[in-house]
1. Which one is least open to solvent (accessible area, probe 1.4 Å), of the residues in segment 18-49 that are under 14 Å from the mean Cα position of the chain (by Cα) and charged (D, E, K, R)?
2. Can you run down the residue pairs with Cβ atoms below 9 Å, 6 or more apart or on separate chains, where the first is in segment 28-46 and under 11 Å from VAL2 (Cβ atoms) and polar (S, T, N, Q) and the partner is open to solvent by less than 50 Å² (accessible area, probe 1.4 Å) and not in a loop (DSSP other than H, G, I, E, B)?
3. Please enumerate the residues belonging to segment 47-75 that are in contact (Cβ under 8 Å) with a residue 24 or more places away in the chain, assigned to a loop (DSSP other than H, G, I, E, B) and over 14 Å from VAL100 (Cα atoms).
Amino acid sequence: QVQLVESGGGLVQPGGSLRLSCAASTSTFDIYVMGWYRQAPGKEREFVATITTGSSTDYADSVKGRFTISRDNAKNTVYLQMNSLKPDDTAVYYCSARHVRALALYWGQGTQVTVSS
């Protein structure tokens, strides 16, 4: 089982930036597909970005060009750099992990991001 701990959330003004981090408790981090999802109040959890073991990335249309997902296998950490933030980006952001040879998806506890003036 993998434990995921997110950090880096907070309050930011529209147009600002934040970088989220997610540390994973596994010695085989390099064979996990990592992702970020978010859930706004009253809405379902939605996909934001994912990064494969080979560092290929994919993004939701709503964040393309503004968010960047990356990973540091030496630190067992995945990042989400968020630029040009909008009020609609306000949500709890969750980190996810899936072993390349399994279906089970692990989740972190979430970190709140609030974009407001």
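1. Here the residue is ARG38.
2. What qualifies is THR28/HIS99.
3. Matches in segment 47-75: SER62, VAL63.
The rows are residues; the columns are (1) open to solvent by 30 Å² or more (accessible area, probe 1.4 Å); (2) closer than 16 Å to SER17 by Cα; (3) basic (Lys, Arg).
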| site | (1), (2), (3) |
| --- | --- |
| ILE51 | no, no, no |
| SER55 | yes, no, no |
| THR68 | yes, yes, no |
| GLN81 | yes, yes, no |
| LYS86 | yes, yes, yes |
| SER96 | no, no, no |
| HIS99 | yes, no, no |
| TYR106 | yes, no, no |
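The values are calculated or read from the model by the stated rules, or taken from the named source; none is laboratory data. In this text, all values refer to a predicted model and were calculated from it rather than measured experimentally. Reconstructed Cβ throughout: ideal geometry from the backbone, glycine too, with neighbour counts over all protein chains shown. Note: areas computed on protein heavy atoms with side chains; ligands, DNA, RNA excluded. Shrake-Rupley method; radii C 1.70, N 1.55, O 1.52, S 1.80 Å.
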